[in-house]
Amino acid sequence: AQSVTQLGSHVSVSEGALVLLRCNYSSSVPPYLFWYVQYPNQGLQLLLKYTSAATLVKGINGFEAEFKKSETSFHLTKPSAHMSDAAEYFCAVSEYGNKLVFGAGTILRVKS
Amino acid sequence: DAGVIQSPRHEVTEMGQEVTLRCKPISGHDYLFWYRQTMMRGLELLIYFNNNVPIDDSGMPEDRFSAKMPNASFSTLKIQPSEPRDSAVYFCASSTSSYNSPLHFGNGTRLTVT
């Protein structure tokens with residue numbers, strides 16, 4: 001079965017600094033991978049998805065992620081953090097059909 | 001596009017009572033998912049439907065939980081009887097039938113069982 005592991009349950013960065021949220025996946029087939037963001041008291045929103053068309057995927061709000069098969073990774077980055085980026089971020093992998101398996105989440109804190 | 005609509009937003013009930021959570025998916029979406037989110041277990045898939053038919057209910061914790069989708073625009077998740085350990089945020093999500101189309105989540109129902 002597919003699974004994802006998010007390294008670091010909490011990440012803290014200064015405003016303007018690089019954001020790096022780590023995700024490693026386990027999949028027996030070429031994976032479809034997603035990053036979602038959850039703001040307080042809201043549902044999850046799609047940031048970006050990887051569907052094998054390109055290894056570098058650009059998403060909303062300046063985020064991007066790079067698929068690295070050799071490292072089984074799909075890390076999320078943003079060059080310059082903004083206060084509004086503070087939220088919880090989830091990496092997910094698609095199993096059969098449209099069923100998603102989510103990682104445990106990483107809470108991003110942005111310091112002024 | 002009104003998005004996925006869940007009701008109620010908050011539910012507080014006493015142990016032993018029946019709880020019904022409701023979801024209206026996005027029109028035209030063929031898949032509907034129920035997830036539960038807790039601090040201890042994260043996001044867990046409880047059950048999902050395709051074209052109103054339950055496809056995988058292996059995540060439903062026990063017989064106290066049941067879910068229905070009587071038509072394409074409505075689904076319910078019922079807990080009877082409720083227990084304090086059922087306290088969580090329950091999310092409904094929907095997607096189209098395109099392979100690996102993203103999920104669209106509702107804002108969730110925060111359930112507290114005392």
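Among the residues of region B:38-47, at least one is of a type outside the set (A, V, I, L, M, F, W, C) and either in contact with a helix residue (DSSP H, G or I) (Cβ under 9 Å, 6 or more places away or on another chain) or over 30 Å from A:Ser52 (Cβ atoms) (or both). Of the residues making up region B:104-114, those that are outside any loop (DSSP other than H, G, I, E, B), facing chain A (nearest Cβ under 9 Å) and surrounded by 20 or more Cβ atoms within 10 Å (Cβ to Cβ) number 2. Look at B:Met69 and say whether it is more than 10 Å from chain A (Cβ to nearest Cβ) and in contact (Cβ under 8 Å) with a residue 24 or more places away in the chain. Here the answer is yes, as B:Met69 does meet what is asked.
Scanning region A:46-70 for residues that are among the basic types (Lys, Arg) and either surrounded by 20 or more Cβ atoms within 10 Å (Cβ to Cβ) or at the interface with chain B (Cβ under 10 Å from one of its Cβ atoms) (or both) turns up just one, A:Lys49.
Entry remark, region B:92-103: residues being within 8 Å of chain A (Cβ to nearest Cβ) and not in a loop (DSSP other than H, G, I, E, B) number 2 in total. Among the conditions (1) farther than 16 Å from B:Thr38 by Cα; (2) free of Cβ contacts under 8 Å to residues at least 60 places away in the same chain; (3) polar (S, T, N, Q), B:Ser94 misses just one, which is (2). When region B:47-72 is limited to residues that are surrounded by 14 or more Cβ atoms within 10 Å (Cβ to Cβ) and of a type in the set (A, V, I, L, M, F, W, C), the one that is nearest to B:Glu83 (Cα to Cα) turns out to be B:Phe65.
Among residues of region A:33-45 that are within 8 Å of chain B (Cβ to nearest Cβ), those with a beta-carbon under 9 Å from a residue that is surrounded by fewer than 16 Cβ atoms within 10 Å (Cβ to Cβ) and assigned to a loop (DSSP other than H, G, I, E, B) at least six positions away or on a different chain give the pairs A:Asn41/B:Arg9; A:Gly43/B:Gly3; A:Gln45/A:Tyr39.
Counted as qualifying within chain A are the strands (runs of 3 or more DSSP E) with 2 or more residues that are hydroxyl-bearing (Ser, Thr, Tyr), namely A:3-7, A:10-14, A:19-26, A:73-78, A:87-94.
None of the figures in this text is laboratory data; all of them are computed from the coordinates on show. Please read these numbers as outputs of a predicted model, since none were measured by experiment. Here Cβ is always computed from backbone atoms with ideal geometry, including for glycine, and neighbour counts include all displayed protein chains.
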